1. Checking GLU110 against (1) modelled with pLDDT of 95 or more; (2) touching a Phe, Trp or Tyr at 6+ places or on another chain (Cβ under 7 Å); (3) away from the ligand (no atom under 13 Å from the Cβ), only one condition comes out false. Which one?
2. If ASP86 satisfies every condition in (1) in contact (Cβ under 8 Å) with a residue 40 or more places away in the chain; (2) more than 16 Å from VAL8 (Cβ to Cβ) but one, which is the exception?
3. Within the range 117-142, count every residue that is touching a residue at least 40 places away in the same chain (Cβ under 8 Å), more than 21 Å from LYS23 (Cβ to Cβ) and under 14 Å from the mean Cα position of the chain (by Cα).
4. Under 6 Å between Cβ atoms, which residue pairs at least 6 apart in sequence (or on different chains) link something in the range 215-235 that is closer than 20 Å to ALA26 by Cβ with a partner that is assigned to a helix (DSSP H, G or I) and not β-branched (Val, Ile, Thr)?
5. Would you pick out the residues in the range 191-212 that are more than 17 Å from the chain's Cα centre (by Cα) and within 15 Å of the ligand (Cβ to nearest atom)?
6. Give me the residue from the range 130-142 that is within 13 Å of the ligand (Cβ to nearest atom) and outside any helix (DSSP H, G or I) and, out of that set, farthest from ILE10 (Cα to Cα).
7. Considering (1) exposed (fewer than 13 other Cβ atoms within 10 Å of the Cβ); (2) touching a strand residue (DSSP E or B) at 6+ places or on another chain (Cβ under 7 Å); (3) assigned to a helix (DSSP H, G or I), say which one TYR73 fails and leave the rest.
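The values are calculated or read from the model by the stated rules, or taken from the named source; none is laboratory data. Here the structure is a predicted model, which means the values were calculated and not measured. Here the Cβ is made from the backbone with ideal geometry for all residues, glycine too, and neighbour counts use every protein chain on show.
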Amino acid sequence: MANPKIIVAIDGYSSCGKSTLAKQLAGKLGYNYIDSGAMYRAITLYFLRNHIDFSQEEIVRANLQNIHLSFEYVEAHHKSEIHLNDENVERYIRDLIVAEKVSEVATIKEVRQFAVAQQKKMGNRRGIVMDGRDIGTVVFPDAELKIFMTADLEIRVKRRFEELEQTGMPATIDEVKHNLAMRDYIDSNREESPLRKAEDAKTLDNSNMSRDEQLEKVLNWVAESIELKKLAQVH
Ligand code: DC
């Protein structure tokens with residue numbers, strides 16, 4: 001019997017390495033990787049570019065109708081990248097200007113409903129790894145494997161700083177630290193689907209783990225989840 005396909009839901013704090021792990025996993029399993037945060041970032045980019053006052057519910061609702069998001073595979077980068085109204089905006093959404101506003105935008109109920117409806121559809125055929133803040137709790141409460149990632153703030157700041165340096169986007173350590181702490185706070189304390197560990201999620205603290213160690217551990221969890229699904233299908 002062929003292995004059944006599962007959904008891997010990865011949630012956790014900002015800059016824990018969720019997307020690195022999710023990409024590696026999707027590559028190993030031949031699954032689709034979806035970066036749900038990219039959707040909130042692209043919506044934020046649209047609001048900023050068009051000077052939308054997103055504190056007004058009606059204005060937000062009207063503007064969401066003009067936003068079309070899609071993930072398209074980019075051969076040269078070996079991954080799906082987010083497109084905002086058919087423009088590849090992957091490199092703009094990582095900018096600190098977007099990072100500074102995205103958590104606020106992600107608290108808006110209409111924005112979350114808009115993004116979550118699309119995310120749920122993407123899981124219809126399973127065989128997907130999605131990372132975010134509410135994937136195991138709201139988007140795919142029935143995911144076969146849920147992972148909650150965490151790492152010490154200092155370590156996350158260092159990783160994020162190095163990442164920004166590599167992409168040539170200037171930021172100081174203090175700016176990065178402030179931004180991460182602020183996003184963690186807003187993400188965990190908002191009213192609409194705050195960042196929470198799902199009851200049945202496995203915790204992965206990678207503060208002192210190499211990428212290879214982490215991947216090995218998670219691949220074991222995946223194998224277990226697939227075995228459990230097989231058993232459930234037989235009985
Ligand atoms: O994963 P990220 O840093 O690219 O996410 C950007 C922001 O979007 C983050 O501050 C919280 C929000 N987000 C969310 O609320 N729900 C998700 N499923 C993914 C991201």
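1. Going through (1) modelled with pLDDT of 95 or more; (2) touching a Phe, Trp or Tyr at 6+ places or on another chain (Cβ under 7 Å); (3) away from the ligand (no atom under 13 Å from the Cβ) one by one, GLU110 breaks only (2).
2. (1)
3. Kept after step one, since they are touching a residue at least 40 places away in the same chain (Cβ under 8 Å), are these residues of the range 117-142: 118-119, 122-123, 125-142.
Subset that is more than 21 Å from LYS23 (Cβ to Cβ): 137-138, 141-142.
Right, trim to under 14 Å from the mean Cα position of the chain (by Cα) and you get 137-138.
Residues flagged as touching a residue at least 40 places away in the same chain (Cβ under 8 Å), more than 21 Å from LYS23 (Cβ to Cβ) and under 14 Å from the mean Cα position of the chain (by Cα) within the range 117-142 amount to 2.
4. So the pair list comes out as LEU215/GLN24.
5. Correct list: GLU191 only.
6. First, pick out the residues of the range 130-142 that are within 13 Å of the ligand (Cβ to nearest atom): 130-140.
Filter once more, keeping what is outside any helix (DSSP H, G or I): 130-134, 140.
Numbers: MET130: 6, ASP131: 4, GLY132: 6, ARG133: 8, ASP134: 9, PHE140: 10 Å.
Looking at the filtered set, the residue picked out is PHE140.
7. Condition (3) is where TYR73 drops out.
Yes/no per residue for (1) near the ligand (Cβ under 10 Å from one of its atoms); (2) closer than 27 Å to ILE7 by Cα; (3) in contact with a His (Cβ under 7 Å, 6 or more places away or on another chain):
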| position | (1), (2), (3) |
| --- | --- |
| GLN56 | no, no, no |
| TYR73 | no, yes, no |
| HIS78 | no, yes, no |
| HIS83 | no, yes, no |
| GLU87 | no, no, no |
| SER103 | yes, yes, no |
| LYS120 | no, yes, no |
